[in-house]
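Scroll down for the structure; my scribbles are underneath it.
Every number here is computed from the coordinates shown, using simple stated rules; none is lab data. Note that the structure is predicted; figures quoted are calculated from it, not measured. Cβ sites come from the backbone with ideal geometry, for glycine too, and all protein chains shown count toward neighbours.
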Amino acid sequence: MQVEIWSDIVCPWCYIGKRRFEGALARFEHRGEVDVVWRSFELDPQAPAVREGDPAERLANKYGMSREQALASHARLTALAAQENLTYHLAEARSGNTFDAHRLLHLAREHGVQDAAKERLMRGYFTQSEPIGDRETLVRLVSEVGIASEAARSVLSSDGFAEAVRADETEARELGINGVPFFVLDRRYGVSGAQPTDVLVQALDQAWSDAHPKLIAVGAAASASDAPVCTDEVCDIQ
């Protein structure tokens, strides 16, 4: 069974959703037969390589709130991430354009380390305040999961995997995906948002049931769409 996950590296709900999905997969009886594919989705395709300024101010400007309210929103999201054993430092986040990061994730899939690369990039951004649009930073981070620096630099200095990223984003539009994370299970069910682990377990069970009706026939389709998503680079938790 294949599970495709559209997400962006700088999406806080995507990292929370990743942890919840991992929890669901750990509980799934057929987890060894699940192929997880990370698909590209840019929350802000027009972002500069490295975005300057205060993240709290950007959030405040977007939602018409004070900086203090924005910081309180960051604190609530940080607390929710902590429930999934994630450490967020949103006030120090160094955001920017994620196109190059997505290209390297396609390279990582070719090398069989896509999930590890996704994890390293997200931890670098949310926990270690790494500049996610800086190419040398990206090369260093993916080298830690086994991708040769020369291979990563070769991709970034060319158009390598650019069409693959755009194809993922085109497909997202065709599927009606306008917020992430978004999970597509065996091209049978779509699960929107950072759903609770129990909901993701039900979705895995149902997708497996449909593909293997004689082996399992339990669970209900999970396509709830009321879980939080990110629709652009700055996310609120309201």
Open item on the list: If I take every Cα pair under 8 Å that is 6 or more residues apart in region 89-189, average their sequence separation and divide by the length, what percent do I get for the relative contact order?
Closed with: 30 percent
TODO: Compute the signed sum of charges (Lys and Arg +1, Asp and Glu -1) over the other residues within less than 13 Å, Cβ to Cβ, of T170.
DONE: -3
Task: Cut-off of 10 Å, at most 14 other beta carbons, DSSP loop: longest stretch of the chain lacking such GluC sites (Glu not before Pro) - done: 145-238
Task: Local electrostatic count, Q206, Cβ distance below 11 Å [Lys/Arg +1, Asp/Glu -1] - done: -2
Task: Label-point gap, in nm, between R67 and S143 - each point 7 angstrom along Cα→Cβ - done: 3.7 nm
Open item on the list: Taking 8 Å as the Cα distance limit and 6 or more residues as the minimum spacing, I'd like the relative contact order of region 63-148 as a percentage.
Closed with: 29 percent
Open item on the list: Skipping prolines and chain starts, which residues have an amide H placed within reach, meaning under 5 Å, of the one on S7, given they are 5 or more residues away or on another chain?
Closed with: R39, F41
Task: Rel. contact order, % - alpha carbon contacts under 8 angstrom, at least six apart, region 2-211 - done: 31 percent
Task: Residue with peak Gaussian network fluctuation, the chain [Cα springs, cutoff 10 Å], from L138, L71, L43 - done: L71
Task: Rounded FRET efficiency, nearest 0.05, which uses the C-beta distance separating V34 from E163 and R0 of 25 Å - done: 0.40
TODO: May I ask for the equivalent-ellipsoid semi-axes of region 2-211, computed as the square root of five times each C-alpha gyration tensor eigenvalue and listed largest first in whole Å?
DONE: 26, 23, 16
Task: Gaussian network model of the chain, springs between alpha carbon atoms under 10 Å - residue of R39, R20, R51 with greatest fluctuation - done: R51
Open item on the list: At 0.36 nm per residue, and after removing the present C-alpha to C-alpha distance, how many nm does the segment from R173 to Q83 gain when stretched out fully?
Closed with: 29.2 nm
Task: Summed residue charge, Cβ within 12 Å of L141's Cβ, Lys/Arg positive, Asp/Glu negative - done: -1
